[in-house]
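Just so it is clear, none of the values below were taken in a lab; they were calculated from the coordinates. These numbers come from a predicted model, not from an experiment. Here Cβ is always computed from backbone atoms with ideal geometry, including for glycine, and neighbour counts include all displayed protein chains.
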Amino acid sequence: MEQNRKYLVIGAGFSGAVVARGLAERQGARVLVIDSRPHIGGNCHTERDSETGVMVHRYGPHIFNTDDLRVWNYVNKFGTFRPFVNRVKAVTGRGVFSLPINLMTINQFFGKTFTPNEARSYLATLGDTSITEPQNFEEQALKMLGQDLYENFFKGYTVKQWGCDPKELPASILTRLPVRFNYDDNYYNKFYQGIPEEGYSKVVENILNFPGIEVRLSTDFESVKQTLNLFDHIIYTGPIDRFFEYEYGRLAYRTVYFERIKTDMNDYQGNAVINYTNIEVPWTRIHEHKHFTPWESHERTVVFKEFSKETGLDDIPYYPKRLARDKSMLSRYLERASASEGVSFLGRLATYRYMDMEKVIGEALSYVDAVLEAAQNGKKVPVLLVSPL
Ligand code: UDP
């Protein structure tokens, strides 16, 4: 084992934590992890609400779902994951329906009692057959679902969520959501699903709890820039455009913000997540966090309305928009990144991709594998493992 290599990891979200742990545990390295926020966990951060004791997903709902057994086994080493199935509902202009679109949604929306095969045939008659190769989100939706379902479930929500015409968005965003011709209303298709009993931040804390790892919170990258020469290598998980001081411009992100709903009710909406698909309703969804921990019981409840907007200078970036303008800017940043010496770029912000937690963790684990392999073969630490476009 190579002793005492010194790494600086920027960002204490899942990317940073998994990499720090891997390098400290598998390479005997010393790792300093910094984060500009006063807490670990990045946007997965959870904390108990001081008034009610309810575990709150501070930056919006996170439900762990993966098919990757390595990732699932990994996270389960650092916390107990309780089974949780996200059964989202949608309030549309025509009432409340089940999401993702499934046989219940189709039957209730069209006032039918279709069997799976009948529903499939019916949807095929609604889909726009003139679209053979969908070029964008709207075409994908019209081809798969037809006008009525698209307008009631997707158009308004997508305009609110992304702040642009759905024609400008990639078709791949829609394919995140399944359409099912049975009564399965599980929001995700993945085999392993759950929520950590004590929240995500506890999992990240356990990952970071290893000899050789030091964590400094409320510490900006700027504040350590003078000391970079103390480290053998840097792993950067912040926004890639920021790393290069926005030389080619700012990549567009959507950010979300929350408004707490004051309530004395014990149960505000009877479900963890309810989406509001109508464009006239300004929020995208309402989340009630006690429903993410059905194994706990709480007298009171904590509820937030979620809104989406363009990311301003002081806002936390969430969703990379990846519009045409962003993609060409990104390729210039990636070129710079690939040519960098001594820095690796990892995770959602540093590679500007719409990634779920499982993907971030999977890539961080592969990154550590690659670092160890490079060290064994006397090669340099890899800068970028993925080709993000
Ligand atoms: N979407 C929609 N209506 C909904 C839910 C999702 O139009 O009720 C669209 C929207 O464009 C969203 C995308 O489907 O960005 C992917 O949804 P997902 O729930 O995967 O988004 P996330 O959980 O990442 O916010």
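In deg cm²/dmol and to the nearest 500, what is the mean residue ellipticity at 222 nm of the chain if only DSSP H runs of at least 4 residues count, each as -39500 (n - 2.57), divided by the residue total? Spell out each step's value before the answer.
Working: 12 runs with 120 residues, N = 389.
The helix contribution divided over the chain gives -9000 deg cm²/dmol.
Calculate the tail of P(r) for the chain: the fraction of all Cα-Cα distances greater than 26 Å, expressed in %. Let's see the in-between values first.
Numbers: 42646 of 75466 pairs.
When every Cα pair of the chain is considered, 57 percent fall beyond 26 Å.
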*When the chain is fully extended, how far beyond the present Cα-Cα distance does Thr115 get from Asp165, taking 0.36 nm per residue of separation?*
14.6 nm
*DSSP-defined antiparallel bridges as percent of all bridges, the stretch 1-114, nearest 5*: 60
*Among Tyr7, Val85, His45, pick out the residue whose Cα is farthest towards the positive end of the charge dipole of the stretch 7-96, where Lys and Arg carry +1 and Asp and Glu carry -1 on C-beta, about the Cα centre.*
Val85
*Please work out the FRET efficiency for the pair Asn266 and Ile316, using the Cβ-Cβ distance as r and a Förster radius of 35 Å; give the result to the nearest 0.05.*
0.65
*If the cut-off is a Cα-Cα distance under 16 Å, which lysines reach Lys321, setting aside same-chain residues fewer than 8 apart in sequence?*
Lys160, Lys167, Lys309
_If you average 1/r across every pair of different Cα atoms in the stretch 17-156 and take the reciprocal, what Kirkwood value do you get, in Å?_
19.6
_Principal axes of the stretch 257-368: Cα extent on each, largest first, Å_ = 56, 36, 23
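Can you give me the relative contact order of the chain as a percent, contacts being Cα pairs under 8 Å and 6 or more apart?
Working: 765 pairs, mean separation 94.6, N = 389.
It comes to 24 percent, rounded to a whole number.
Can you give the % of DSSP beta bridges in the chain that are antiparallel, to the nearest 5?
Values: 29 of 48 bridges.
That works out to approximately 60 percent antiparallel.
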*Burial ordering of Trp72, Trp295, fewest other beta-carbon atoms within 10 Å first*: Trp295, Trp72
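Can you compute the equivalent ellipsoid semi-axes for the stretch 90-184, i.e. the square root of 5 times each eigenvalue of the Cα gyration tensor, sorted largest first and rounded to whole Å? Working shown, then result.
Working: eigenvalues 92, 50, 23 Å².
Working from the Cα gyration tensor, I get semi-axes of 21, 16, 11 Å.
Report relative contact order for the stretch 96-200 in percent, whole number only (criteria: Cα-Cα under 8 Å, sequence separation at least 6). Please list the in-between numbers first.
Working: 114 pairs, mean separation 36.7, N = 105.
For the stretch 96-200, the relative contact order is 35 percent.
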_Would the stretch 48-106 count as rounded, prolate or oblate if I go by the C-alpha gyration tensor, calling it rounded below 1.5 in a/c and otherwise prolate when a/b exceeds b/c, oblate otherwise?_
oblate
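Relative contact order of the stretch 297-389, please, whole-number percent, based on alpha carbon pairs below 8 angstrom and at least 6 residues apart. Each step should come with its number before you reach the end.
Details: 55 pairs, mean separation 25.1, N = 93.
It rounds to 27 percent for the stretch 297-389.
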_Cα-Cα over 30 Å, subset of Lys359/Lys379; Lys225/Lys305; Lys89/Lys112_ = Lys225/Lys305
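Using the Kirkwood formula on the Cα atoms of the stretch 14-94, what hydrodynamic radius do you get, in angstrom to one decimal?
Values: mean 1/r = 0.0636 Å⁻¹.
The Cα-based Kirkwood calculation yields 15.7 Å.
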*Asn76-Ser130 FRET efficiency (beta carbon distance; Förster radius 45 Å; 0.05 resolution)*: 0.40
*Considering the Cα trace of the stretch 92-249, what is its radius of gyration and what is Dmax, both in angstroms?*
23.0, 68
*How big is the stretch 174-262 on each of its three principal axes, counting only the C-alpha atoms and giving the largest first in Å?*
58, 40, 37
*asked:* If each residue of separation counts as 0.36 nm, what is the full-extension length gain between Glu214 and Val85 once their alpha-carbon separation is subtracted?
replied: 42.9 nm
*Show the residues, 5+ positions off or on another chain, whose built amide H is closer than 5 Å to the amide H of Asp49.*
Val54, Met55, Val56
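Viscosity 1.002 mPa s, temperature 20 °C: Stokes-Einstein D of the stretch 139-183 from its Kirkwood Cα radius, in µm² per second?
Numbers: Rh = 11.0 Å.
After rounding, the answer is 195 µm²/s.
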